[in-house]
Amino acid sequence: METDLPSAVATILRRAGRVVVFTGAGMSAESGVPTFRDDLTGLWARFDAEQLATPEAFHADPDLVWGWYEWRRARVRQAEPNPGHLATAEIETLIPGSVVITQNVDDLHERAGSRAPVHLHGSLFAPRCIGAGAHPADVPDTDPEEGGRLPPPRCARCGALVRPGVVWFGEQLPAAALDAAIEAASTCDVLLTVGTSGVVYPAAEIPRIARRCGATVIQVNPEPTPLDRVCAVNLRGTAAQVLPALVEAAR
Ligand code: OAD
């Protein structure tokens, strides 16, 4: 991996009035949180996504789905933000008005110091009941086995089952988060897309909106993605290597 950045990239960042950092699972990979689609290690490799990440799956087998999300939540609790998360928070400090938009359901951006990351796909740490009130639920920490089943708790207010606070396939993204993401993408000067395969919509529209609205889109990813064509610059490297070097050069 080369960490020598084209000096033009640092200059673009230094001159930006507003930066959006748009992140996917690759951002947390170096914290030990598996991505979704990477070969063998990907989260979907061991489990069938269709079986686990849909409302239908939860209704059919709540213990299996809750157990899987609780296993993921326990792994995230044990993980630490990596230098990529820390550099992202530093971009927000260096360039006020910058915004982090993440597809990740972990809390590593928050723990790295990012102010208010926009969670397009919800959060493992915001469980709520499936009742009409969608009451937020207080859930004790558990640490199930990988693939272990666990009955979801019941809502203290209405008695309905508690579900993970994430967006499942076939569900709408949270409207406020999507609006905030579109607004930020439409008004930024630079969008850094980091560690996402760019294949899941509508989230994958965010870098494309930024490009259409005139922003310079820069990608950080060790592999090519469908976003390569959208990006003015493709930095082939990992988040934890490239982002700190970029911040250092832009300082
Ligand atoms: P993916 O697993 O689809 O893609 C991860 C990307 O990160 C790939 O392009 C990898 O090449 C790249 N990558 C791996 N390690 C990296 C590293 N250390 N640094 C930088 N990049 C790295 O994950 P997402 O694009 O986040 O949605 O997936 C998008 C959505 O699909 C997820 O939010 C999830 C999933 O289905 C829902 O659950 C709704």
Long-range neighbours under 6 Å by Cβ, at least six apart or interchain, first residue within 17 Å of Gly165 (Cβ to Cβ) within region 90-106, second in a loop (DSSP other than H, G, I, E, B) and within 16 Å of the ligand (Cβ to nearest atom): Thr102/Pro117; Gln103/Gly24; Gln103/Leu120; Gln103/His121; Gln103/Ala203; Val105/His121; Asp106/Val33
Confirm whether Leu192 is closer than 14 Å to Val99 by Cα, assigned to a strand (DSSP E or B) and within 13 Å of the ligand (Cβ to nearest atom). yes
Taking helices (runs of 4 or more DSSP H) that fall entirely within region 51-97, which contain at least 1 residues that are among the hydroxyl-bearing types (Ser, Thr, Tyr) and assigned by TED's automatic domain parsing to the domain that holds Ala245? 83-94
Are any residues in region 197-213 assigned to a loop (DSSP other than H, G, I, E, B) and either in contact with a His (Cβ under 7 Å, 6 or more places away or on another chain) or open to solvent by less than 10 Å² (accessible area, probe 1.4 Å) (or both), and if so, which ones? Gly198, Ala203, Ala204
Please enumerate the residues belonging to region 160-183 that are away from the ligand (no atom under 14 Å from the Cβ) and either more than 21 Å from Val100 (Cβ to Cβ) or assigned to a strand (DSSP E or B) (or both). Ala160, Leu161, Val162
In this structure, does Ser197 turn out to be polar (S, T, N, Q), within 16 Å of the ligand (Cβ to nearest atom) and within 22 Å of the chain's Cα centre (by Cα)? yes
Only one residue in Pro207, Pro202, Pro144, Pro174 is out of contact with any strand residue (DSSP E or B) (no Cβ under 9 Å at 6 or more places or on another chain), under 19 Å from Gly24 (Cα atoms) and touching a residue at least 12 places away in the same chain (Cβ under 8 Å), so which one is that? Pro202
Name the pairs whose Cβ atoms lie under 8 Å apart, with the first residue in region 7-32 and over 26 Å from Glu110 (Cβ atoms), the second assigned to a helix (DSSP H, G or I) and within 16 Å of the ligand (Cβ to nearest atom), and 6 or more positions between them or separate chains? Val9/Leu246; Ala10/Leu246
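Whether any residue in region 98-105 is modelled with pLDDT under 95, in a loop (DSSP other than H, G, I, E, B) and not assigned by TED's automatic domain parsing to the domain that holds Pro62 is what I want to check. Walk me through how you get there before you give the answer.
Filtering region 98-105 for residues modelled with pLDDT under 95 gives none.
Within region 98-105, none of the residues are modelled with pLDDT under 95, in a loop (DSSP other than H, G, I, E, B) and not assigned by TED's automatic domain parsing to the domain that holds Pro62.
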Can you find a residue that is open to solvent by 10 Å² or more (accessible area, probe 1.4 Å), near the ligand (Cβ under 9 Å from one of its atoms), closer than 16 Å to Val9 by Cα and assigned to a loop (DSSP other than H, G, I, E, B) anywhere in region 215-230? yes
Those residues of region 235-251 which are over 12 Å from His85 (Cα atoms), surrounded by fewer than 19 Cβ atoms within 10 Å (Cβ to Cβ) and more than 10 Å from the ligand (Cβ to nearest atom) amount to Glu248, Ala249, Arg251
May I ask you to list the residues in region 107-116 that are touching a residue at least 24 places away in the same chain (Cβ under 8 Å), part of a helix (DSSP H, G or I) and open to solvent by 10 Å² or more (accessible area, probe 1.4 Å)? Arg111, Ala112
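The values are calculated or read from the model by the stated rules, or taken from the named source; none is laboratory data. Note that the structure is predicted; figures quoted are calculated from it, not measured. Because the Cβ atoms are built from the backbone with ideal geometry, glycine has one as well, and the counts that use them run over all protein chains shown. Note: areas computed on protein heavy atoms with side chains; ligands, DNA, RNA excluded. Shrake-Rupley method; radii C 1.70, N 1.55, O 1.52, S 1.80 Å.
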